[in-house]
Amino acid sequence: MHKLNFAKHAQSRIFVLDDNPANVLFLEKLLAKSGYEDVKSSTDPQQAEYIVAQYKPDLVILDLHMPGINGYEVLAKLRSRDHEGYLPILVFTADVTGEAKTKALELGATDFLTKPGDPSEITLRVRNFLEMRSLYRELENQNILLEQRVLERTQRLQEAQLEIVHRLALAGDYRDDDTGEHCRRVADLSLEIALEYGLPTPEAELIRMAAPLHDIGKVGIPDAVLRKPGRLTPQEFEEVKRHTALGASILANSRCEILQLAHDIALSHHERWDGRGYGQRLSGDDIPIAGRIVAVADVYDALTSDRPYKPAWSSDAAVEEIKLNSGTQFDPQVVAAFERVMMRGFNMKAA
């Protein structure tokens with residue numbers, strides 16, 4: 001049989017509350033004899049809440065019938081303020097009635113002993129309650145440790161997902177951007193536009209994480225078309241337009257929130273506000289807000305970057321072009337948010 005060890009709990013904090021000094025002295029001597037070194041006592045029930053809050057005992061031994069505030073009231077108040085989990089409260093009273101015991105237990109007493117009490121029984125109850133308190137604390141600490149490990153693993157999983165997204169985005173980005181920086185710049189500007197537009201920070205951050213995959217479908221477009229230095233033929237342009245559906249197909253049916261949003265962005269970032277774009281031929285607010293935001297960021301970066309078919313535009317010229325297409329190609333509110341971002345001097349090449 002497992003034997004509990006008195007010495008194990010010698011440093012446990014025990015609070016004794018009884019209006020009779022003789023009873024307090026009896027319990028103090030009994031507990032000291034049993035090896036408990038940290039015992040605090042009081043004969044004033046008015047001070048009980050304050051003492052418990054400051055002292056933070058591992059066990060309370062409580063009398064019931066006291067002047068002013070009786071033990072029932074103290075018990076109820078302690079239980080209402082017990083935010084640290086399992087705090088054993090042992091009622092030690094001369095009231096032997098069944099009503100007293102029932103009421104005390106209903107109010108949250110852990111156990112009930114009648115005075116004068118057997119010293120051996122008192123010390124055994126105290127020891128058992130302190131062991132229970134210790135086990136509860138150990139379990140509590142283990143739960144905290146487990147929660148920390150879950151958070152750490154969740155964070156590592158999120159970091160792994162972001163790395164996969166980044167590497168996958170680079171694979172698509174290198175098809176028509178030798179630096180591989182287009183996806184990063186579009187993501188950074190999309191974040192700023194989303195925040196200026198008024199989206200909550202978590203939603204804006206999710207757009208930033210998903211935006212780099214907007215052109216992932218270009219991995220399925222032939223280089224001869226994608227990197228053609230001159231104007232595309234109508235047939236070639238139709239081939240390029242396939243990248244939205246190809247990207248959505250690559251990203252479809254994922255359980256990852258980032259990839260789910262990336263799917264919507266890939267499919268919708270070439271839609272137009274007036275419905276004359278491509279993807280699903282959506283218009284206005286039917287276009288996902290993430291797609292409307294990335295559309296502006298994507299066009300701005302494309303205009304201000306060198307491409308096989310054109311030199312880079314100035315930032316001012318690109319901004320004016322986007323403003324010119326507000327209400328036709330782009331959502332006017334997104335363009336307004338984009339303008340405010342650029343007026344702050346945002347430099348996406350250095351972001």
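The values are calculated or read from the model by the stated rules, or taken from the named source; none is laboratory data. Note that the structure is predicted; figures quoted are calculated from it, not measured. Cβ sites come from the backbone with ideal geometry, for glycine too, and all protein chains shown count toward neighbours. Surface areas here come from the heavy atoms of the whole protein model, side chains and all, with no ligands, DNA or RNA. Shrake-Rupley method; radii C 1.70, N 1.55, O 1.52, S 1.80 Å.
Translational diffusion coefficient, Stokes-Einstein: compute it for region 36-189 using the Kirkwood radius over C-alpha pairs as Rh, at 25 °C and 0.890 mPa s, and state it as an integer in µm² s⁻¹.
For these conditions, the coefficient is 122 µm²/s.
Structure shown: which of LYS228/LYS310; LYS56/LYS103; LYS33/LYS56; LYS228/LYS323; LYS77/LYS115 lie over 18 Å apart, alpha-carbon to alpha-carbon?
LYS56/LYS103; LYS33/LYS56; LYS228/LYS323; LYS77/LYS115
Report, in deg cm²/dmol and to the nearest 500, the calculated mean residue ellipticity at 222 nm for the chain, where each DSSP H run with n ≥ 4 adds -39500 (n - 2.57) and the sum is divided by the residue count.
After summing the helix terms and dividing by the residues of the chain, the value is -18000 deg cm²/dmol.
Give the angle, between 0 and 90 degrees and rounded to the nearest 10, that separates the Cα long axis of helix 315-324 from the longest principal axis of the Cα atoms of the chain.
90
Among bridges DSSP assigns within the chain, what percent are antiparallel (round to 5)?
The antiparallel fraction comes to roughly 5 percent.
Taking the Cβ of GLN235 as the centre, find all other residues whose Cβ is under 15 Å away and add up their charges (Lys, Arg: +1; Asp, Glu: -1).
Summing Lys and Arg as +1 and Asp and Glu as -1 gives +1.
For a label point 7 Å from the Cα of GLU131 along Cα→C-beta, name the residues of region 33-77 whose backbone N is under 18 Å from it.
Label zone hits: 34-36, 58-60.
Return the FRET efficiency for the residue pair GLN142, SER254: r is the Cβ-Cβ distance, R0 is 30 Å, and the value is rounded to the nearest 0.05. Don't jump to the answer; show the numbers that get you there.
Numbers: r = 34 Å, r/R0 = 1.14.
For GLN142 and SER254, the calculated efficiency is 0.30.
Counting only residues 5 or more places away or on other chains, whose amide H sits under 5 Å from the amide H of ARG307 once H atoms are built in the peptide plane?
Under 5 Å from the amide H of ARG307 lie the amide H atoms of ALA312, each far enough along the sequence or on another chain.
Report which label in [x] 1.02; [y] 1.73; [z] 0.95 holds the value of Cα Rg over 2.2 N^0.38 Å derived from the coordinates of this structure.
Computed from these coordinates, Cα Rg over 2.2 N^0.38 Å corresponds to label [y].
Got the relative contact order for region 281-333 handy, in percent, Cα pairs under 8 Å and 6 or more residues apart?
RCO, region 281-333: 34 percent.
Over region 1-139, what is the mean sequence separation of C-alpha contacts under 8 Å (at least six apart), divided by residue count, expressed as relative contact order in percent? Can you show the working numbers first?
Values: 202 pairs, mean separation 33.5, N = 139.
24 percent.
When ligands, DNA and RNA are left out and all protein chains stay put, how many square angstrom of accessible area per residue does region 178-227 have with a 1.4 Å probe?
37
Taking K and R as +1 and D and E as -1, what net charge do the other residues with C-beta under 13 Å from the C-beta of GLU339 add up to?
Charge balance near GLU339 sits at -3.
Given q = 0.09, 0.10, 0.17 Å⁻¹, what are the Debye log10 I(q)/I(0) values for region 198-319, with equal point scatterers placed on the Cα positions and solvent ignored?
-0.26, -0.32, -0.94
Full-extension gain between LEU151 and THR328, please, as 0.36 nm times their residue separation minus the C-alpha to C-alpha distance. Walk me through the numbers on the way to the answer.
Details: separation 177, 0.36 × 177 = 63.72 nm, distance 4.52 nm.
So the extension gain works out to 59.2 nm.
If ASP286, ASP188 are ordered by their accessible area, calculated over protein heavy atoms with a 1.4 Å probe, which sequence runs from highest to lowest?
ASP286, ASP188
Could you compute how much accessible surface GLU73 exposes when probed at 1.4 Å, giving the result in Å² to the nearest 10?
So the heavy atoms of GLU73 present about 80 Å² to solvent.
Compute the Cα gyration tensor for region 233-289, then decide on rounded, prolate or oblate, letting a ≥ b ≥ c be the square roots of its eigenvalues: rounded whenever a/c is under 1.5, prolate when a/b is larger than b/c in the other cases, and oblate in all that remain.
Oblate, since a/c reaches 1.5 and b/c is not below a/b.
Could you please state how large a percent of the accessible area of the chain is carbon and sulfur, counting protein chains only and using a 1.4 Å probe? List each step's numbers first, then the result.
Values: 9700 of 18380 Å².
About 53 percent, which is the carbon plus sulfur part of the accessible surface.
Considering only protein heavy atoms, with the full assembly of protein chains and a 1.4 angstrom probe, order TRP273, TRP313 by accessible area, largest first. Before the final figure, lay out the partial values.
Values: TRP273 65, TRP313 100 Å².
Largest accessible area first, the list is TRP313, TRP273.
Where does each of HIS214, HIS65 land when they are ordered by accessible area, with a 1.4 Å probe and the largest first?
Most to least solvent-accessible, the answer reads HIS65, HIS214.
Stretch GLU49-LYS241 to full length: gain in nm at 0.36 nm per residue minus the Cα-Cα span?
Computed gain between GLU49 and LYS241 is 61.9 nm.
If you count only protein heavy atoms and use a 1.4 Å probe, how large is the accessible surface of GLU121, to the nearest 10 Å²?
Approximately 70 Å² for this residue.
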